[in-house]
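All remarks here apply to the structure that follows.
The values are calculated or read from the model by the stated rules, or taken from the named source; none is laboratory data. The structure presented is a predicted model; accordingly, all values stated were derived computationally and were not measured. Backbone-built Cβ (ideal geometry, glycine too); neighbour counts: all protein chains shown. Areas reflect the complete protein model, heavy atoms only, side chains present, ligands, DNA and RNA absent. Shrake-Rupley method; radii C 1.70, N 1.55, O 1.52, S 1.80 Å.
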Amino acid sequence: MKGVKLMIVDDSPAIHVIIERAAIANGYEVCAHAKNGDEAVKLYESTRPDVITMDITMPVKDGLTASKEILAQNPCAKILMLSAMGDEEIVKEAKDIGITHFMKKPFKGEDIVNAINNMILGETGE
Amino acid sequence: MKQNSGKRVLIVDDSEMVRNFHSYIIRMFGYQTETAENGAIALEKLLAEEYQLLITDINMPKMDGYELIRNVRENGISIPVIVVSTEEEYRSRFSGVEAGPSLHMVKPTDPEKLITTIKMLL
Amino acid sequence: MSGGFYLDDIDLTKMFIDEWTECLEGLEKEILKLEVHSDDSELLNDIFRRVHSIKGGSSFVGLSGITRLSHEIEFTLDAIRKKKVSVNMELIDSLLQAVDFLNGYISRIYNKLKEYDSSGGNGTIYIEFGEEEKEKSVLEGLRQALEKRENNDEEDGKTGETGGQEDAELGLLQTEEFKSKLAEELKEQFLLENTEHIDRIENQLLIQLESSGNDKDAVLEMFRSIHSIKGGIGFYLATISNQSPYYPTLKGFSEVVHTFESLLALVRDRGLTYGNKLIDLSYEVMDYLKTSMNAVASEECNDVPTAHILDKIERFLSNLQSVSGNDTESYAKTLRPEPGKIADMQQKSNIMQSIRVSQEKLDKMMNMISELLIAKNTFMHIASRLNLDYNLPEMSKEVKEVGAYINRISDDLQNAIMSIRMVEIKTIFQRMPRVVRDISQSTGKKMELIMEGEDTEIDKTIIEQISDPLVHLIRNAADHGIEAPEERLSKGKNETGRIVLRAYNKNKHVYIEIEDDGKGIDAESLKKKAIEKGFITKAEAESMSRGQLINLIFLPGFSTAKQITEVSGRGVGMDIVKSNIEKINGNITIESEVDKGTKMIIQLPLTLAVSRGLTVEASGETYIFPLEYIVETVKISRNNIHTFNDKYFTHLRGDVIGVEWLSRIFLTGRCDDEKEELNAVIISNGAEKYAIIVDKLKSEQEFVVKTLDGHLSSIPGISGSTLLGNGRVVLIVNPADIIQLAQK
């Protein structure tokens, strides 16, 4: 699955590292790093990634709001939402706005890769 | 509560009373529960069927909670785990990272906290 | 590996630590602000986010200590957010303490990592901490702060917040109604599990420890069992309202178990010998626990006194802590067991169950089987009426066939139920070592108890009924039978007395024997005493055999002990033992020889519920004789009956046996019929035979015993009643009683 363009949205640099390591090892390209929702929305326009990993709890703008705005720009945007314990109410709301892919923290790099692969394959399969 | 009905929780404890305690509360919220009296039986169940959550005691005959979690993880089962034990038991067995459970709760379990925690995990 | 852990992804951990340090910065100030601005939701959300972030990160690098602590903080914050707790100084303090501890925890990891870097290592690092106590108190603080949370669903409902309904459901968990339902649900299991643990401690572990106080495995098992009991009471107590009448008892129970566990932990950790004093104390603790369990089980609300036993354990514990050594023996001088209220209360009831089916269900099933047996007999009755009264032989045959079919099914069913009801006699045998031990302690005698045939099975109801008589007999053997060591030595016997408790199956009966090698029963002194006390006349005494003389001890009010000792004095007389055994269709005989020992033989039916018997008629009444007491039925010719001293005798195959009319015994008629041939049932109580004359011998059939209540229960010679197929109630004769009555 080479050449997939990925944007990582997370306020934790360490999480960026975890995801990036796995992504690069699988031949993905990380086209953008955003540390909050506000940056994510802006970077989405300019970089147009294939897949976004989206944290939920972030300062300035949270992941749910950012996802709404991105989906408003492009209803087909592929967002993998990363939730932690305690986020279950937000997950419910996220499902309501049409997000279908979720990943629970803590995850391993390979989990993320598998999830992204599934998201991409899901599309070609349709 | 209906949305919980498809979720299966495995409760492991060598005391039937403690199993019933947890089962009774968790079922009230619509989850399905199954029980096992030690780690070995629990592992068999976990390998045979799919569960969404594991709740386990530490001190048990045959296979204790620590060994159970280690085995679960070694078999690539990545469900969340709640360990229910006394502070001392937890400390003596889980202060390391290898089998790191998702969460620890102190015996006797507070029913409200148990449910809140389960909701967080599922 | 206590208190330490390995870190393998060091770079990643460092990045997370940087993030956490940022999150923690200013967190304390924000929490302080919260004290005044508890409804500032933005402030609360920010605090929440910081802690949440630490939690999420720590789970990636496996720092479960941090995950755990931050989760607890988050949980508390969530409660504040949902207005389940009111913000007060206490709560803020415990939050601050937790955050402070978290801060320290993280900076310690940071320092370790720095050290590690400067030492130029790579790969895995092992980190150890020593602040467990503090962490514990921090967690405890948070938990306590939450304990006061209220259920404010109404408010939530009004404001219509999301999740309001779920919160309402959660609120249910705090209600008394829910708790009492849960308590009801758990009670049976709670009692059962404790009983099992206590049984095991008393009858296995303490016995093991007594023979070898250095058995480390047994000490460990002891600790585990107590630990399990502690865990169980914790859960159960959590479901009990502090207004409940059991609360004080359970609370006391919990404290005693807790303290005792600390004591055992000390013994285990220091590798101390489990000495006799500690064993004594352990037994006392078990007594206390049993008494408390019984109080809860029988729904008695009087509190079980706790202070005394608690004080003892605590003194033992503090003595042990203040002295160093490897024996528990030397520190316990001040502790003497004293029989107190506990021992008395313990006697009151005995609910200890031994199989995992509720008694109620079993009894219900048994009752249904009884009905079925009666219905089954009805078929045969109808069949014969169809033939004789209505002259319908074909029909009669058909009904008979159906009856036979039902008969087979009910037989199978009955056997199946019976097998469920059968339990190993072990369940009562295992109480006996304790009984013997207690007596040996209080009298200074040396004795051993040997048990045989513990796996012999017997009906559960019988087990329950036989338990007390058996304890009494064992006590007797130990207390009165076995001599003091000096006395034994002077008689040339082994210093240690020997009591054998043996069970076996023979001829569809279960036999239990209690055999001691003590001083035996002196028939001559019994005779003298019986005459003195006016139980028998001198002439009667002279005509009595040795066996008959020994059996005098079963007479009401007859006691052989020169003095009533503390141990067996609290019990009942041998007459009660005998009548209790007879109540369940059993019987007891004695063999004894002076200075050789005594053997008590108890014969019991395999099951109480269903028996076979012979129906007879006397003066127009129908009775049933249980088959197991019937030797044979014969016809006795009138001129073969002789009188002597107002008593009747006959010659039967060379024996002279007593004769009596059933109608005379029950005072329902006279024996003045003119028949030349008399129908007699020869019954035996194991020692003697007697011929009981009846008007008519009818049929042999199965019957289900129903015990008689009220004033009917005390009719001598009758053990119960049963229903016949034709719906008639008939009385069941108790042959052992009958022989006694006939001899009078």
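Among the β-branched types (Val, Ile, Thr), at negative phi and free of Cβ contacts under 8 Å to residues at least 40 places away in the same chain: which single residue out of C:Ile198, C:Ile226 fits that description?
C:Ile226 is the lone residue from the list that is among the β-branched types (Val, Ile, Thr), at negative phi and free of Cβ contacts under 8 Å to residues at least 40 places away in the same chain.
Counting only residues that are open to solvent by less than 30 Å² (accessible area, probe 1.4 Å) and more than 16 Å from C:Ser59 (Cβ to Cβ), which one in the stretch A:101-115 is farthest from the other protein chains (Cβ to nearest Cβ)?
Restricting to residues being open to solvent by less than 30 Å² (accessible area, probe 1.4 Å) and more than 16 Å from C:Ser59 (Cβ to Cβ), the top hit is A:Val113.
Considering only the stretch B:1-110, give the helices (runs of 4 or more DSSP H) lying wholly within it that have at least 3 residues that are away from chain C (no Cβ under 14 Å) and not polar (S, T, N, Q).
B:39-48, B:65-74
Give me the pairs: first residue in the stretch C:519-530 and in a loop (DSSP other than H, G, I, E, B), second residue crowded, with 21+ Cβ neighbours inside 10 Å and of a type in the set (Ser, Thr, Tyr), beta-carbon distance under 6 Å, and six or more apart or on different chains, which are they?
C:Gly520/C:Ser592; C:Gly520/C:Thr598; C:Ile521/C:Ser592; C:Ile521/C:Thr598
Would you mind finding the one in A:Glu45, A:Glu20, A:Glu39 that is within 14 Å of chain C (Cβ to nearest Cβ), of a type in the set (Asp, Glu) and open to solvent by 10 Å² or more (accessible area, probe 1.4 Å)?
A:Glu20
Mind telling me which of the residues C:Phe101, C:Phe75, C:Phe60 ends up being among the aromatic types (Phe, Trp, Tyr) and under 26 Å from C:Gly171 (Cβ atoms)?
Going through C:Phe101, C:Phe75, C:Phe60 in turn, the sole match is C:Phe75.
When you scan the stretch C:269-286, do you find a residue that is within 14 Å of chain B (Cβ to nearest Cβ) and surrounded by fewer than 19 Cβ atoms within 10 Å (Cβ to Cβ), even just one?
Yes; the residues of the stretch C:269-286 include at least one that is within 14 Å of chain B (Cβ to nearest Cβ) and surrounded by fewer than 19 Cβ atoms within 10 Å (Cβ to Cβ).
Looking only at the stretch C:173-186, count how many residues are facing another protein chain (nearest Cβ under 9 Å) and either touching a residue at least 12 places away in the same chain (Cβ under 8 Å) or buried (at least 18 other Cβ atoms within 10 Å of the Cβ) (or both).
5
Identify, from the list C:Thr598, C:Thr643, C:Thr633, C:Thr615, the residue that is among the β-branched types (Val, Ile, Thr) and out of contact with any strand residue (DSSP E or B) (no Cβ under 7 Å at 6 or more places or on another chain).
Going through C:Thr598, C:Thr643, C:Thr633, C:Thr615 in turn, the sole match is C:Thr643.
Just checking, how many residues over the stretch C:449-472 are of a type outside the set (D, E, K, R) and part of a loop (DSSP other than H, G, I, E, B)?
So the count comes out to 2.
Quickly run through the stretch A:6-29 and pick out the residues that are at pLDDT 90 or above and in a strand (DSSP E or B).
Scanning the stretch A:6-29 gives A:Leu6, A:Met7, A:Ile8, A:Val9.
Counting residues that are within 14 Å of chain B (Cβ to nearest Cβ) and out of contact with any Ser or Thr (no Cβ under 7 Å at 6 or more places or on another chain), which helices (runs of 4 or more DSSP H) fully inside the stretch C:5-99 reach at least 2?
C:10-24, C:41-61, C:64-81
Residue check: is C:Ser370 of a type in the set (Gly, Ala, Ser), modelled with pLDDT under 75 and either in the same structural domain as C:Asp199 (by TED's automatic domain parsing) or in a helix (DSSP H, G or I) (or both)?
Yes, satisfied.
Would the stretch C:508-526 turn up any residue that is within 32 Å of the chain's Cα centre (by Cα), surrounded by fewer than 15 Cβ atoms within 10 Å (Cβ to Cβ), modelled with pLDDT of 80 or more and more than 22 Å from C:Gln603 (Cβ to Cβ)?
For the stretch C:508-526, residues within 32 Å of the chain's Cα centre (by Cα), surrounded by fewer than 15 Cβ atoms within 10 Å (Cβ to Cβ), modelled with pLDDT of 80 or more and more than 22 Å from C:Gln603 (Cβ to Cβ): absent.
Looking at the stretch C:591-654, what strands (runs of 3 or more DSSP E) fall wholly within it and have at least 3 residues that are among the small types (Gly, Ala, Ser) and open to solvent by less than 70 Å² (accessible area, probe 1.4 Å)?
Result: C:610-618.
So which of C:Lys426, C:Lys400 ends up being in contact (Cβ under 8 Å) with a residue 12 or more places away in the chain, open to solvent by 60 Å² or more (accessible area, probe 1.4 Å) and farther than 30 Å from C:Asn505 by Cβ?
Result of the check over C:Lys426, C:Lys400: C:Lys400.
Test C:Asp438 against the criterion of being assigned to a helix (DSSP H, G or I), modelled with pLDDT of 85 or more and open to solvent by 10 Å² or more (accessible area, probe 1.4 Å), and give yes or no.
Criteria met by C:Asp438.
Taking the stretch C:681-704 as the search range and keeping residues that are of a type in the set (A, V, I, L, M) and open to solvent by 40 Å² or more (accessible area, probe 1.4 Å), which one is modelled with the highest pLDDT?
Here the answer is C:Leu697.
Could you tell me whether the stretch C:208-220 includes any residue that is surrounded by fewer than 17 Cβ atoms within 10 Å (Cβ to Cβ), out of contact with any strand residue (DSSP E or B) (no Cβ under 7 Å at 6 or more places or on another chain), within 13 Å of another protein chain (Cβ to nearest Cβ) and assigned to a helix (DSSP H, G or I)?
Checking the stretch C:208-220: at least one residue is surrounded by fewer than 17 Cβ atoms within 10 Å (Cβ to Cβ), out of contact with any strand residue (DSSP E or B) (no Cβ under 7 Å at 6 or more places or on another chain), within 13 Å of another protein chain (Cβ to nearest Cβ) and assigned to a helix (DSSP H, G or I).
Could you tell me whether C:Tyr405 is open to solvent by 40 Å² or more (accessible area, probe 1.4 Å) and in a loop (DSSP other than H, G, I, E, B)?
Spelling it out, it is not the case that C:Tyr405 is open to solvent by 40 Å² or more (accessible area, probe 1.4 Å) and in a loop (DSSP other than H, G, I, E, B).
Looking at the stretch A:53-76 only, could you name the residues that are more than 14 Å from chain C (Cβ to nearest Cβ) and surrounded by fewer than 20 Cβ atoms within 10 Å (Cβ to Cβ)?
If the condition is that a residue be more than 14 Å from chain C (Cβ to nearest Cβ) and surrounded by fewer than 20 Cβ atoms within 10 Å (Cβ to Cβ), then A:Lys68, A:Glu69, A:Leu71, A:Ala72, A:Gln73, A:Asn74, A:Pro75, A:Cys76 are the ones that fit.
Please work out which residue is nearest to A:Ile52 (Cα to Cα), limiting yourself to the stretch A:5-17 and to residues that are in contact (Cβ under 8 Å) with a residue 12 or more places away in the chain and open to solvent by 10 Å² or more (accessible area, probe 1.4 Å).
A:Lys5
Against the condition surrounded by 21 or more Cβ atoms within 10 Å (Cβ to Cβ), touching a residue at least 40 places away in the same chain (Cβ under 8 Å), in a helix (DSSP H, G or I) and in contact with an Asp or Glu (Cβ under 6 Å, 6 or more places away or on another chain), how does C:Thr249 come out, does it pass?
Against the criterion (surrounded by 21 or more Cβ atoms within 10 Å (Cβ to Cβ), touching a residue at least 40 places away in the same chain (Cβ under 8 Å), in a helix (DSSP H, G or I) and in contact with an Asp or Glu (Cβ under 6 Å, 6 or more places away or on another chain)), C:Thr249 qualifies.
What is the residue count in the stretch A:25-62 for residues that are among the aliphatic types (A, V, I, L, M) and in contact with a strand residue (DSSP E or B) (Cβ under 7 Å, 6 or more places away or on another chain)?
9
Find the residue count for the stretch A:77-100, including only residues that are away from chain C (no Cβ under 14 Å) and within 21 Å of C:Glu42 (Cα to Cα).
Here the count works out to 0.
Could you tell me whether any residue of the stretch C:289-302 is at pLDDT below 85, of a type in the set (Ser, Thr, Tyr) and open to solvent by 40 Å² or more (accessible area, probe 1.4 Å)?
For the stretch C:289-302, residues at pLDDT below 85, of a type in the set (Ser, Thr, Tyr) and open to solvent by 40 Å² or more (accessible area, probe 1.4 Å): present.
For a quick check of your reading of the model, give me the residue pairs whose first member lies in the stretch C:273-292 and is under 26 Å from C:Pro248 (Cα atoms), whose second is among the charged types (D, E, K, R), with beta-carbon atoms closer than 6 Å and at least 6 apart or on different chains.
Here the result reads C:Met286/C:Glu202, each pair linking the stretch C:273-292 to a residue that is among the charged types (D, E, K, R).
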